[in-house]
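The next block holds one structure in the form of structure tokens; read it before the comments.
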Ligand SMILES: Nc1nc2c(c(=O)[nH]1)N[C@H]1C(S)=C(S)[C@@H](COP(=O)(O)O)O[C@H]1N2
Ligand SMILES: [Mo]
């Protein structure tokens, strides 16, 4: 983010519109899958596709890795579709699957938008465990299986607004972070939640690179009330399917009213603390990236404005710039948490 101003981003980095899946297309897809099922025998992936008919959007069938899904793909057989209303759904056009999975920020795999999808082939999200630490009644290192077991999955179609002034609408699959937090029973001293990403030089070329600017592990944090807000989401999938590595497999945070860098990927540690944690971008450049990082058209980045954004996908012929909204359009759900706070000072 320190590297490129929005105006420096070449149009060639932006994937042209290709596959856009609406409900009708999905239904025709699942019909084809059913024919396939008859031919090759019903694999779990095909059963999942069949049961997901109420979802707003599904990954293109060609992207589904039949037969090599991790065990938690089973949970995708029963996803509660997003409702038809804000805040858990927006009627704004979703970014095509191709853009969501090929235009990424995940510096562990490199700093260009195409690096995470190109360079994450060696990354393994299974097996996975997460350390739960700090001010909590049930600390320990838990297999992902035990963390996911009590939760049923739902779909949420959210706006994601990057601090670089581009945005996308993404159909996530996951469950509220509040439900995960309750599972481990934080103590009354837990005022903040800190998150860490995996550091694996072997599968993460960005971590090996001597040009890396981040001090690994990537870290993020939320105030406990922000973490408990019903909008705050733990995603394990998108477009009805498991998360691709480049989007933060197997589990990542999604905080839709904050700049994208708060939405930390591939989480291996969740630490409950009494004091505010350090966070990656704030440590790197405190004048440019605050702890709160609430989307705010009235508080500009020192090097570019924040009152408009490029809504992806874009092509040479359609370069939509739209107005940025306070709290990314989620003010009704979150503004009360910041009452009386000077948002220009606590940016
Ligand atoms: N571990 C880690 N998490 C990360 C990042 C990163 O570089 N490393 N980039 C952040 C930024 S800047 C954005 S905009 C979002 C992008 O998420 P997406 O690629 O799934 O759209 O991930 C965030 N989470
Ligand atoms: Mo970002």
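The values are calculated or read from the model by the stated rules, or taken from the named source; none is laboratory data. Computed from a predicted structure; not experimentally measured. Cβ: placed from backbone, ideal geometry, glycine included. Neighbour counts: every protein chain shown.
Residues satisfying the criterion are absent from segment 132-143 (criterion: out of contact with any strand residue (DSSP E or B) (no Cβ under 9 Å at 6 or more places or on another chain) and not in a strand (DSSP E or B)). If you scan segment 71-97, which residues turn out to be outside any loop (DSSP other than H, G, I, E, B), surrounded by fewer than 20 Cβ atoms within 10 Å (Cβ to Cβ) and modelled with pLDDT of 95 or more? 80 - this is the single residue of segment 71-97 that is outside any loop (DSSP other than H, G, I, E, B), surrounded by fewer than 20 Cβ atoms within 10 Å (Cβ to Cβ) and modelled with pLDDT of 95 or more.
Taken over segment 160-201, the criterion of being on the phi > 0 side of the Ramachandran plot and within 16 Å of ligand 2 (Cβ to nearest atom) is satisfied by 165 alone.
Of the residues making up segment 306-320, those that are farther than 13 Å from residue 258 by Cβ and surrounded by 12 or more Cβ atoms within 10 Å (Cβ to Cβ) are 307, 308, 309, 310, 311, 312, 313, 314, 315, 320. For residue 164, the criteria (1) surrounded by fewer than 20 Cβ atoms within 10 Å (Cβ to Cβ); (2) within 11 Å of ligand 1 (Cβ to nearest atom); (3) under 19 Å from the mean Cα position of the chain (by Cα) hold in every case but one, which is (1).
Considering each of 278, 271 in turn, give the residue that is touching a strand residue (DSSP E or B) at 6+ places or on another chain (Cβ under 8 Å), more than 10 Å from ligand 1 (Cβ to nearest atom), over 18 Å from residue 159 (Cβ atoms) and in a strand (DSSP E or B). Step by step, each of 278, 271 is checked, and only 271 is touching a strand residue (DSSP E or B) at 6+ places or on another chain (Cβ under 8 Å), more than 10 Å from ligand 1 (Cβ to nearest atom), over 18 Å from residue 159 (Cβ atoms) and in a strand (DSSP E or B). Applying the set (1) within 12 Å of ligand 1 (Cβ to nearest atom); (2) in a loop (DSSP other than H, G, I, E, B); (3) more than 15 Å from residue 176 (Cα to Cα); (4) under 15 Å from the mean Cα position of the chain (by Cα) to residue 220 leaves exactly one unmet item: (2). Contact map, segment 102-114: residues that are in contact (Cβ under 8 Å) with a residue 60 or more places away in the chain and more than 12 Å from residue 264 (Cα to Cα) paired with residues that are outside any helix (DSSP H, G or I) and within 8 Å of ligand 1 (Cβ to nearest atom), Cβ distance under 6 Å, separation 6+ or inter-chain. Pairs shown: 113/103.
For segment 239-261, which positions are within 16 Å of ligand 2 (Cβ to nearest atom) and more than 17 Å from residue 332 (Cα to Cα)? The answer is 246, 247, 248, 252, 253, 254, 259, 260, 261.
Please work out if residue 185 is more than 16 Å from ligand 1 (Cβ to nearest atom) and over 26 Å from residue 58 (Cα atoms). Here the answer is yes, as residue 185 does meet what is asked. Scanning segment 307-347 for residues that are assigned to a loop (DSSP other than H, G, I, E, B) and touching a strand residue (DSSP E or B) at 6+ places or on another chain (Cβ under 9 Å) turns up 307, 312, 313, 314, 319, 320, 324, 325, 330, 343, 346, 347.
Answer yes or no as to whether residue 95 is within 16 Å of ligand 2 (Cβ to nearest atom) and within 29 Å of residue 295 (Cβ to Cβ). When the stated conditions are applied, residue 95 passes them.
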